[in-house]
Amino acid sequence: MDAQPESQIVDAVLNAISEQRLPAGAKLGEQALSELFNCNRANVRRALASLAAKQVVELRPNRGAFVVTPSAQEAREVFQARRAIERTIARQAVARVSDEDVAYLRANIAAEAEARARRDKPTELRLSQQFHMYLARLSGNRVLERFLAELTMRSTLILGMYPSAAHSCAHCDDHVGIVDALMARDEELLLRLTDDHLRHLEAGLNFDLPPVSSVSLKDQLIGAPAEGAGGDRKAGRQNLRNA
């Protein structure tokens with residue numbers, strides 16, 4: 001069996017979610033996907049099952065597949081879980097961080113700021129996710145890394161679904177402080193800043209705004225290629241240099 005179409009579908013959906021091109025509640029029609037990726041429906045169904053296992057797609061009987069729509073309570077639970085996991089990641093990362101790691105993270109922050117300045121939201125989101133996933137890889141705990149990959153994807157859906165009514169960049173310097181604490185090997189400060197950063201993101205959610213999208217599935221899925229959050233630390237550095 002050729003799994004290439006399935007991988008292409010999975011990667012396209014995950015990239016579109018991570019860049020907020022594919023919103024919560026979007027329908028992933030089998031026919032549309034099979035035509036878009038030039039494959040049969042069996043390939044599409046296997047890809048959708050894989051996405052459902054990652055908890056980013058919901059399969060509804062007799063209705064089809066939809067990008068998950070987190071409730072306000074689920075959104076709070078996701079950020080609560082992230083705080084717990086990222087505190088553990090921070091404790092382990094502070095003991096393993098190198099000068100090369102600090103240089104990569106600072107370059108990531110600079111690239112994210114440039115993307116924000118030119119209003120390139122997909123690249124800004126991708127780089128922000130890469131920042132957190134790099135710290136997870138730095139911790140050396142692959143289980144935590146897998147958990148965080150799922151949670152950051154769900155966080156992106158949540159941030160796109162419940163955006164701040166008045167955009168604020170108050171949290172934009174949080175990553176700078178986190179890297180400074182890492183470089184200083186100040187675990188107590190690092191834990192506090194990591195927790196504060198995630199609380200800032202959660203506090204900015206506006207649960208009164210309904211999700212709205214009139215963009216076609218094709219346009220949502222077919223965008224500029226984006227590097228995923230996975231891969232080794234060396235690959236992460238290469239991705240940033242090519243961004």
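None of the figures in this text is laboratory data; all of them are computed from the coordinates on show. Predicted, not measured: the structure shown is a model, and the values here were computed from it. We place every Cβ from the backbone using ideal geometry, glycine too, and count neighbours over all the protein chains shown.
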Most to least packed among 116-127, 21-32 [average Cβ atoms within 10 Å]: 21-32, 116-127
Cβ-based net charge around V67, under 12 Å, with every Lys or Arg adding one and every Asp or Glu removing one: +4
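Around G25, what is the net charge, scoring Lys/Arg as +1 and Asp/Glu as -1 over all other residues with Cβ under 13 Å from its Cβ?
Numbers: positive: K27, R60, R63; negative: E58.
Spelling it out: positives minus negatives among the neighbours equals +2.
Starting from the alpha-carbon convex hull of the stretch 1-107, give the projected area averaged over all orientations, in nm².
On the way: hull surface 38.8 nm².
Result: 9.7 nm².
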In whole Å, what are the extents of the stretch 69-137 along the principal axes defined by its C-alpha atoms, from largest to smallest? 38, 36, 13
Over 19 Å, how big is the tail of the calculated P(r) for the stretch 64-179, in percent of all Cα pairs? 51
Inter-probe distance in nm under a simple model that places probes 7 Å from Cα toward Cβ, at Q73 and A52: 2.3
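Could you compute the net charge surrounding E124? Neighbours are other residues with a C-beta less than 12 Å from the C-beta of E124; K and R count +1, D and E count -1. Show your work: numbers first, answer last.
Working: positive: R116, R118, R119, K121, R126; negative: E19, E112, E114, D120.
After counting each charged neighbour, the total is +1.
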Which residues in the stretch 115-146 place their backbone N less than 18 Å from a point set 7 Å from the Cα of R185 along the Cα-to-Cβ direction? 138-140
Stretched out fully, how many nm does the piece from N38 to S7 gain, at 0.36 nm a residue minus the Cα gap? 9.9 nm
Over the stretch 4-67, relative contact order from alpha-carbon pairs under 8 Å, at least 6 apart, %: 39
Would you be so kind as to identify which of V94, S128, N108 lies farthest towards the positive end of the dipole of the stretch 80-196, taking Lys and Arg as +1 and Asp and Glu as -1 on Cβ and the Cα centre as origin? S128
Please list the equivalent ellipsoid semi-axes of the stretch 4-67, computed as the square roots of five times the alpha-carbon gyration tensor eigenvalues, in descending order and whole angstrom. 16, 14, 11
